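Report on one structure; see the data block that follows.
The values are calculated or read from the model by the stated rules, or taken from the named source; none is laboratory data. Everything numeric in this text was worked out from a predicted model, so none of it was measured. Using ideal geometry, Cβ is built from the backbone for each residue, glycine included, and neighbour counts are taken over all protein chains shown. Ligands, DNA and RNA are stripped out before the accessible areas are found, and what is left, the full protein with its side chains, is counted by its heavy atoms. Shrake-Rupley method; radii C 1.70, N 1.55, O 1.52, S 1.80 Å.
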Amino acid sequence: MRKSSLIISILMLAAGFISSAAQSGGTFTITKSVIAGGGGQTSGGTFTMDGTIGQSLAGTTSTGGTFNLQSGFWAGGLSTAITRRSPFDFDGDGKTDVSIFGANGASGGAEWWWIRSSDSVAAALQFGSSTDKIVAADFTGDGKTDVAFFRPSTGQWFILRSEDSSFFAFPFGASGDIPMPADYDGDGKADAAVFRPSAGTWFILRSSDGQVTFVQFGASGDLPVASDYDGDGKADVAIFRPNGANGAEWWMQRSTQGLLALQFGSSTDKAVPGDFTGDGRWAVALLRPSTGSWFVPRSQDFSFFAFPWGQVGDIAAPGDYDGDGTFDAAVFRPSAATWYISRSSQGPQFTGFGLATDQPVPNAYVR
């Protein structure tokens, strides 16, 4: 193992570390708070406020700085917190579901099978063909992952609505494009998107307004790994470059914090980005197939930790299987048709599900 493969070389291009300072006088929203007595600490929901100029009698007005705070009770206030959803959650319970894509189903078409984590019941349907690419994501914004595929031969997308099992289709892309759907505009819906390696260009169909964004980012040989690396609720255009000058490279055009480049990994590693620390920001992470080891740089300070989970021949299938907001390392072992999941809050889970020829759906965006 080369030493350089375990050292992160951080190139802060057109970006720098930004220290956070206290904010005041801006726009804020208070949700589900109870205030009793002025001048103390008020907390509730997702906020904490210290040192307010308050009144002891509920219903009177407290003032300070450029805000006005009405003492009393609030309920059902507007929350501005970013909604975090688990990927590949077909039943909307906040947990990634064990799920497989069988390219060659019994009736000649592709089959989708998953175990609903909400009630442990298996569900199945036939949708697609053997040459289609998995693009499962929440395209309708209902909190449930929609079964969906991209057809490389025609550049068409087919999306099965989770609400009523109807489907819609549209052309977006061409042969040779790599599909990379994600919520790039932060409206709670996945956007159809493709990376065209031959041109080093991204094409993103925004669900918020139906417009197309073109982004020149990457080169031939790069692999798309779009995720929310800065925690602002929007997916960032990003690429994994297996054959960098001195090892594998990651390049991210963060929507809030600007360009970031990292050297991390080697050419044979698999890119498995995810929020493995639970801070709301996805980390560049990798699985080393030759050893079954996972390497995860912390998004907070770029230090990294490593651990073994899996063996040669396993297929990476990371996700949040226990719904605690932190990604879990997981693999599907074709030889045993078994899932091995290292749940961050509930311990290991071993589940027999699928066939040796199946692709785990949470592997869809592993590169």
(request) Quickly run through segment 187-217 and pick out the residues that are buried (at least 17 other Cβ atoms within 10 Å of the Cβ) and among the small types (G, A, S). (result) G188, A190, A192, A193, S207
(request) Looking only at segment 248-260, decide whether some residue is on the phi < 0 side of the Ramachandran plot, at pLDDT 95 or above, open to solvent by less than 30 Å² (accessible area, probe 1.4 Å) and within 13 Å of the chain's Cα centre (by Cα). (result) no
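Which one is farthest from A306 (Cα to Cα) among residues in segment 316-347 that are among the polar types (S, T, N, Q) and under 20 Å from the mean Cα position of the chain (by Cα)?
Checked segment 316-347; the qualifying residue farthest from A306 (Cα to Cα) is S345.
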(request) State the number of residues belonging to segment 304-326 that are open to solvent by 20 Å² or more (accessible area, probe 1.4 Å) and over 14 Å from S99 (Cβ atoms). (result) 15
(message) Among the residues of segment 168-201, what is the count of those that are within 19 Å of V361 (Cα to Cα) and of a type in the set (A, V, I, L, M, F, W, C)?
(response) 7
(message) Within segment 218-235, take every residue that is surrounded by 20 or more Cβ atoms within 10 Å (Cβ to Cβ) and without any contact (Cβ under 8 Å) to a residue 40 or more places away in the chain and give me the one that is farthest from I178 (Cα to Cα).
(response) G218
(message) Testing Q346 on (1) on the phi < 0 side of the Ramachandran plot; (2) at pLDDT 95 or above, one condition comes back false. Which one is that?
(response) (2)
(message) Going by what's in this entry, would A123 be described as assigned to a strand (DSSP E or B), under 27 Å from Y340 (Cα atoms) and of a type outside the set (D, E)?
(response) yes
(request) Considering each of S118, S207, S165, S129 in turn, give the residue that is within 29 Å of R241 (Cβ to Cβ) and among the hydroxyl-bearing types (S, T, Y). (result) S207
(message) Out of everything in segment 327-336 that is small (G, A, S) and open to solvent by 20 Å² or more (accessible area, probe 1.4 Å), what residue ends up being farthest from P289 (Cα to Cα)?
(response) A336
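Looking at F101, F195, F170, which is the one that is in contact with a helix residue (DSSP H, G or I) (Cβ under 7 Å, 6 or more places away or on another chain), among the aromatic types (F, W, Y) and not in a loop (DSSP other than H, G, I, E, B)?
Details: F195 fails: in contact with a helix residue (DSSP H, G or I) (Cβ under 7 Å, 6 or more places away or on another chain); F170 fails: in contact with a helix residue (DSSP H, G or I) (Cβ under 7 Å, 6 or more places away or on another chain).
Selected residue: F101, the only one of F101, F195, F170 that is in contact with a helix residue (DSSP H, G or I) (Cβ under 7 Å, 6 or more places away or on another chain), among the aromatic types (F, W, Y) and not in a loop (DSSP other than H, G, I, E, B).
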(request) Could you run through segment 123-169 and say how many residues are buried (at least 19 other Cβ atoms within 10 Å of the Cβ), closer than 21 Å to R206 by Cα and in contact with a Leu (Cβ under 8 Å, 6 or more places away or on another chain)? (result) 4
(request) Return yes when G278 is surrounded by fewer than 18 Cβ atoms within 10 Å (Cβ to Cβ), of a type outside the set (V, I, T) and farther than 26 Å from Y340 by Cα and no when it is not. (result) no
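Search segment 290-303 for residues being loosely packed, with under 13 Cβ neighbours inside 10 Å and among the small types (G, A, S), and hand back the single one that is nearest to G274 (Cα to Cα). Break it down stepwise before answering.
To start, the set of residues in segment 290-303 that are loosely packed, with under 13 Cβ neighbours inside 10 Å comprises 290, 300-301, 303.
Now drop any that are not among the small types (G, A, S), which leaves 290, 303.
Working: S290: 21, S303: 16 Å.
Selected residue: S303.
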